[in-house]
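Have a look at the structure below before the remarks.
The values are calculated or read from the model by the stated rules, or taken from the named source; none is laboratory data. The structure presented is a predicted model; accordingly, all values stated were derived computationally and were not measured. Positions of Cβ are backbone-derived with ideal geometry, glycine not excepted, and every protein chain shown enters the neighbour counts.
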Amino acid sequence: MSFYDGWQHSQRRGRSGPEIMTTPAQEKPFAFFTETRLVVLTGRKASNLEQLLQHLTQVSGSCIFYHTHYLYLTHHFEKPRFYNEFANWVSQALQEERLAERLGAIDLLEMTSIRDLREAIARVIEKHLESDKGTVRTSPPGEEFHFCEAKSFIMPTGKVAAGVSEFLDLLENVTNDCLHFHFFEARLRLERPTNDFSQWLGDLGQTKLAARIDALNPYAVTLDELKREIVKLGRRYASK
Amino acid sequence: MPIQLEDYQEIAGPGVTEELRELADRVAGRSMQHINSTPVGGGVAEILTRLVPMLRELGVEATWDVIKGDQAFFNVTKAFHNALHGKPEEITAEMYDIFRATTEANLHDFNFTGDVIFVHDPQPAGLVARKPEIGRRWVWRCHIDVSAPQPDVWEFLRPSIEQYDAAIFSMPDFAQRLPVAQFRIAPSIDPLSDKNKPVDNAQVNKVLEKYQIDPGRPVLTQISRFDRFKDPLGVVAAYRLVKKRHRCQLVLAGGGAADDPEGEEVLRDVQEAAADDPDIHVLLLPPFSDLEINALVRGSTVIIQKSIREGFGLTVSEALWKKKAVVGGATGGIKLQIIDGRTGFLVHSAEGAATRITQLLGDRRLREKVGENGYQHVRQNFLVTRHVRDYILTMLAVEHPGESMIYLA
């Protein structure tokens with residue numbers, strides 16, 4: 001059962017949470033969901049760029065999403081150089097710094113689907129391999145890249161906002177997992193046209209605020225900073 | 001009063017116990033049976049001791065059963081354990097026969113009660129043979145570093161493992177190409193167990209005194225079973241190098257596990273190596289010494305876990321939880337717990353260990369910094385609350401095979 005199946009299923013049962021996107025705009029509340037995940041091991045590993053590229057074309061979209069987004073959710077003692085784990089591995093295990101920087105610079109905000117993202121990563125690696133023929137670097141033993149993905153479990157948090165003001169109040173206290181789900185997963189993994197907040201606010205007629213939130217770059221800040229930024233925009237731009 | 005879930009609320013951080021209750025509601029009415037090979041000693045038994053009551057408090061019908069085996073069987077499984085860790089072992093046809101016969105005997109006697117059955121490590125792995133007959137969902141929980149297993153042993157176990165619905169490994173490096181789902185779940189420590197709960201200074205000093213350890217001089221400690229993979233002789237070598245500059249003492253303390261017959265031999269070697277130095281304290285602790293182990297760690301200046309192969313090495317998290325500076329072998333799960341230079345130091349040799357220990361002994365601030373970071377790292381990643389969550393998620397995961405996003409109404 002996919003997320004959408006579950007969503008429709010629960011609609012049939014008349015649960016309040018997942019109905020957010022289907023009832024008439026002026027009536028529909030926003031239900032905050034949260035996500036928890038189990039890391040799935042694919043058993044695939046790469047010790048050089050050719051292997052990395054080969055697996056990249058074969059792994060699931062969930063795997064690509066995992067390796068480009070997981071680090072945003074984890075605690076760091078200092079800001080990582082790259083949040084893209086392919087870039088980190090290329091830098092640390094293969095010491096191909098130029099390629100690492102190019103992978104790290106792939107603009108996730110420009111991507112509208114995992115397919116786009118997968119192709120963009122593969123293109124950067126292919127280009128590097130073409131220009132760097134003859135040098136095959138292999139990772140030291142124990143430093144191979146292990147492909148993982150997440151099995152995600154989505155649950156309603158019980159927090160439901162009837163209007164913008166209540167939405168902003170509740171948003172201040174949601175977890176990073178909740179924010180990550182509505183902002184990152186919704187757009188790329190579930191391929192919704194924008195993040196869930198902008199979608200709902202737009203439907204309510206709060207188009208200016210929806211556009212401002214949509215224009216935020218969630219990849220440039222921590223999740224805590226992103227949350228503060230959204231609330232700040234909300235307080236400033238929400239029309240009464 | 002018995003420990004309750006609420007007691008973890010503050011320790012684990014906001015929202016953690018609430019999330020557990022929410023998730024447990026989604027598996028209400030289903031049972032989770034754990035099966036392993038020893039009721040005491042070793043990390044698996046320790047984890048289950050806490051995990052099972054917590055699951056029950058959450059309303060999950062969790063149970064824990066232990067297979068029966070004689071000394072001959074445990075000699076074989078110890079050899080399997082070594083071979084799966086990559087240490088060459090000659091496994092004879094007779095040894096495979098002993099393994100098969102014990103599996104058969106247990107299959108005959110065992111009462112499979114769980115809706116989801118978690119089988120821990122290779123010893124009981126063959127119990128899955130009952131699956132075609134009784135159904136249920138079966139999960140093989142591997143606590144061993146199987147990144148480079150001896151092929152004949154792995155191939156012997158593979159047909160059993162492939163019958164499971166899922167396998168769990170402690171880190172991505174241990175994943176295999178298998179036709180079953182594989183999940184990554186790190187093990188965990190219980191912050192409220194006797195081994196980890198707060199202990200006052202008077203109690204710490206009392207334990208140091210009992211073992212004639214001088215609290216006025218630096219104490220280096222490795223807490224481990226006496227096992228070659230834990231490299232106790234390497235620890236002695238590192239200590240001797242440090243000793244040239246620091247008037248330190250070394251404590252090598254550990255108990256035995258019922259399923260580890262090799263321990264005595266290793267202990268003898270260590271005692272021999274330590275015989276000429278009164279500052280080396282080799283302590284074979286009896287079962288139920290957890291409070292003493294707790295005090296020994298708290299009374300130490302630097303903790304060492306110089307393993308050369310390691311399934312996970314929970315002693316590292318136990319020390320980090322006490323804000324201790326840890327020097328660990330760069331292997332297996334130790335690499336997840338020690339972020340080199342942030343939450344401790346990773347080393348590859350006795351010389352490397354000696355260098356880092358010397359640096360730490362000369363720099364109290366550095367010890368405090370890595371200790372504090374280590375504590376935070378454990379709090380976020382290696383507490384039993386996270387482990388409980390992951391096992392509940394595993395129950396849900398095997399009920400939804402092949403789905404990457406599962407909506408829990």
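The set of residues from the stretch A:80-103 being surrounded by fewer than 19 Cβ atoms within 10 Å (Cβ to Cβ) and under 14 Å from residue A:128 (Cα atoms) comprises A:95, A:97, A:98, A:101, A:102.
Listed by first and then second residue, the pairs with beta-carbon distance under 7 Å, at least 6 apart or on different chains, first residue in the stretch A:170-190 and aromatic (Phe, Trp, Tyr), second in a loop (DSSP other than H, G, I, E, B) and modelled with pLDDT of 90 or more, are A:183/A:195. Looking at the stretch B:138-154, which of the residues that are among the β-branched types (Val, Ile, Thr) and more than 20 Å from residue B:384 (Cβ to Cβ) is nearest to the other protein chains (Cβ to nearest Cβ)? This residue is B:146.
Cβ separations smaller than 7 Å between residues 6+ apart or across chains give the following pairs from the stretch B:30-49 residues that are of a type in the set (Val, Ile, Thr) to residues that are part of a helix (DSSP H, G or I): B:35/B:127; B:38/B:45; B:47/B:387. Quick one: would you say residue A:234 is crowded, with 18+ Cβ neighbours inside 10 Å and free of Cβ contacts under 8 Å to residues at least 12 places away in the same chain? Answer is no for this residue. Only one entry of B:143, B:246 meets the criterion of being touching a Ser or Thr at 6+ places or on another chain (Cβ under 8 Å), within 29 Å of residue A:142 (Cβ to Cβ) and not in a helix (DSSP H, G or I), and that entry is B:143. Within the stretch B:238-255, does at least one residue satisfy the condition of being touching a Lys or Arg at 6+ places or on another chain (Cβ under 7 Å), of a type in the set (S, T, N, Q) and at pLDDT 95 or above? Within the stretch B:238-255 (the criterion being touching a Lys or Arg at 6+ places or on another chain (Cβ under 7 Å), of a type in the set (S, T, N, Q) and at pLDDT 95 or above), the answer is yes, since at least one residue qualifies.
Among the residues of this structure, residue B:78 counts as one that is away from chain A (no Cβ under 14 Å), at pLDDT below 95 and in a helix (DSSP H, G or I).
Pairing residues of the stretch A:67-82 that are within 13 Å of chain B (Cβ to nearest Cβ) with residues that are modelled with pLDDT of 90 or more and not in a helix (DSSP H, G or I), at Cβ distances under 6 Å and at least 6 apart in sequence or on separate chains, gives A:77/B:342.
Pairs linking a residue in the stretch B:344-367 that is at positive phi to a residue that is crowded, with 19+ Cβ neighbours inside 10 Å and outside any helix (DSSP H, G or I), with Cβ atoms under 7 Å and 6 or more positions apart or on different chains, are B:344/B:325; B:344/B:326; B:344/B:327; B:344/B:328; B:344/B:338. Considering every residue within the stretch B:257-279, establish whether at least one is surrounded by 17 or more Cβ atoms within 10 Å (Cβ to Cβ), within 30 Å of residue B:380 (Cα to Cα) and of a type in the set (A, V, I, L, M). Looking through the stretch B:257-279, at least one residue is surrounded by 17 or more Cβ atoms within 10 Å (Cβ to Cβ), within 30 Å of residue B:380 (Cα to Cα) and of a type in the set (A, V, I, L, M).
Yes/no per residue for (1) polar (S, T, N, Q); (2) within 14 Å of chain A (Cβ to nearest Cβ):
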| residue | (1), (2) |
| --- | --- |
| B:119 | no, no |
| B:135 | no, no |
| B:156 | no, no |
| B:168 | no, yes |
| B:171 | no, yes |
| B:188 | yes, no |
| B:220 | no, no |
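Picking from residues in the stretch B:121-149 that are among the acidic types (Asp, Glu) and touching a helix residue (DSSP H, G or I) at 6+ places or on another chain (Cβ under 7 Å), the one that is farthest from residue B:84 (Cα to Cα) is B:121. Of all residues in the stretch B:388-409, those satisfying the criterion of being under 29 Å from the mean Cα position of the chain (by Cα), at the interface with another protein chain (Cβ under 9 Å from one of its Cβ atoms) and closer than 14 Å to residue B:19 by Cβ are B:389, B:390, B:393, B:396.
Scanning the stretch A:188-208 for residues that are more than 14 Å from chain B (Cβ to nearest Cβ), of a type in the set (D, E, K, R) and either farther than 17 Å from residue A:218 by Cβ or outside any helix (DSSP H, G or I) (or both) yields A:203, A:208. Among the residues of the stretch A:128-142, those that are without any contact (Cβ under 8 Å) to a residue 12 or more places away in the chain and not acidic (Asp, Glu) comprise A:131, A:133, A:134, A:135, A:141, A:142.
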